[in-house]
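Comments concern the structure below.
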Amino acid sequence: MKTSTQILPGIKAIGWLDCRHLPRRVDLSGICGMPVPIFTDIHPIPFFDEPTCECKTKKDGGGYEDTATLKFLTSSELPRSAFLGFVVTDVNDNSFLLGSLEHPVPVPECSRSLGLPDGDAAGFLYEIKHVAIKSMVPCMI
């Protein structure tokens, strides 16, 4: 019997959370391959267009450094908190955490767009960067 498997890339859900309620050293759990349990509220973020999330790893001295970048367009403004973290869920129901209790915290950058009259989307364009020894840590929600 011939079977085929198709894996669809893409983001299904994005949510924000308060990093002060995360367990300690989630980066070390990510290095060990252990998913981090999330025991705090995740507030869903409505998005449109095509959000992207990527993680680049580079050699840094005697170790490695991850830089995760999440970009999305939303109709609502996010809270301006110093401890904002993000959970991204892909179409295969794998969830990833951007953020941690310890510093460095994710750095959100926001630009507001009014769109063009020919149908371009208007809203808030967010670009979140998180640099740590392990970013985009698998998590259980």
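Side notes on the structure shown:
- Whichever residue in the range 125-141 is surrounded by fewer than 17 Cβ atoms within 10 Å (Cβ to Cβ) and touching a Lys or Arg at 6+ places or on another chain (Cβ under 9 Å) and, among such residues, is modelled with the highest pLDDT: Glu127
- Of all residues in the range 44-56, those satisfying the criterion of being open to solvent by 70 Å² or more (accessible area, probe 1.4 Å) and either under 19 Å from Met140 (Cβ atoms) or among the β-branched types (Val, Ile, Thr) (or both) are Pro44, Thr52.
- So Ser100, is it touching a Leu at 6+ places or on another chain (Cβ under 8 Å) and either under 23 Å from Pro23 (Cβ atoms) or of a type in the set (Gly, Ala, Ser) (or both): yes
- The set of residues in the range 17-42 that are of a type outside the set (Ser, Thr, Tyr), farther than 16 Å from His130 by Cβ and open to solvent by less than 70 Å² (accessible area, probe 1.4 Å) comprises Pro23, Gly33, Pro35, Pro37, Ile42.
- The selection criterion, being open to solvent by less than 50 Å² (accessible area, probe 1.4 Å), modelled with pLDDT of 95 or more and either within 16 Å of Glu127 (Cα to Cα) or β-branched (Val, Ile, Thr) (or both), does not hold for Val105.
- Residue count for the range 61-118 satisfying the condition of being assigned to a strand (DSSP E or B) and among the charged types (D, E, K, R): 6.
- Hits in the range 29-58 - residues which are within 25 Å of Gly10 (Cβ to Cβ), free of Cβ contacts under 8 Å to residues at least 60 places away in the same chain and among the β-branched types (Val, Ile, Thr): Ile45, Thr52, Thr57
- Within the range 114-137, residues that are closer than 24 Å to Ser100 by Cα have Cβ atoms under 6 Å from residues that are among the polar types (S, T, N, Q) and open to solvent by 20 Å² or more (accessible area, probe 1.4 Å) in these pairs: Leu125/Ser111; Leu125/Ser113; Val131/Thr67, counting only partners at least 6 apart in sequence or on another chain.
- Residue in the range 44-59 that is over 13 Å from Trp16 (Cα atoms) and in a loop (DSSP other than H, G, I, E, B) present: no
The values are calculated or read from the model by the stated rules, or taken from the named source; none is laboratory data. Keep in mind that this is a model prediction, so the values were computed, not measured. Virtual Cβ from ideal backbone geometry, glycine too; neighbours counted across all protein chains shown. Only protein heavy atoms, including side chains, enter the accessible area calculation; ligands, DNA and RNA are left aside. Shrake-Rupley method; radii C 1.70, N 1.55, O 1.52, S 1.80 Å.
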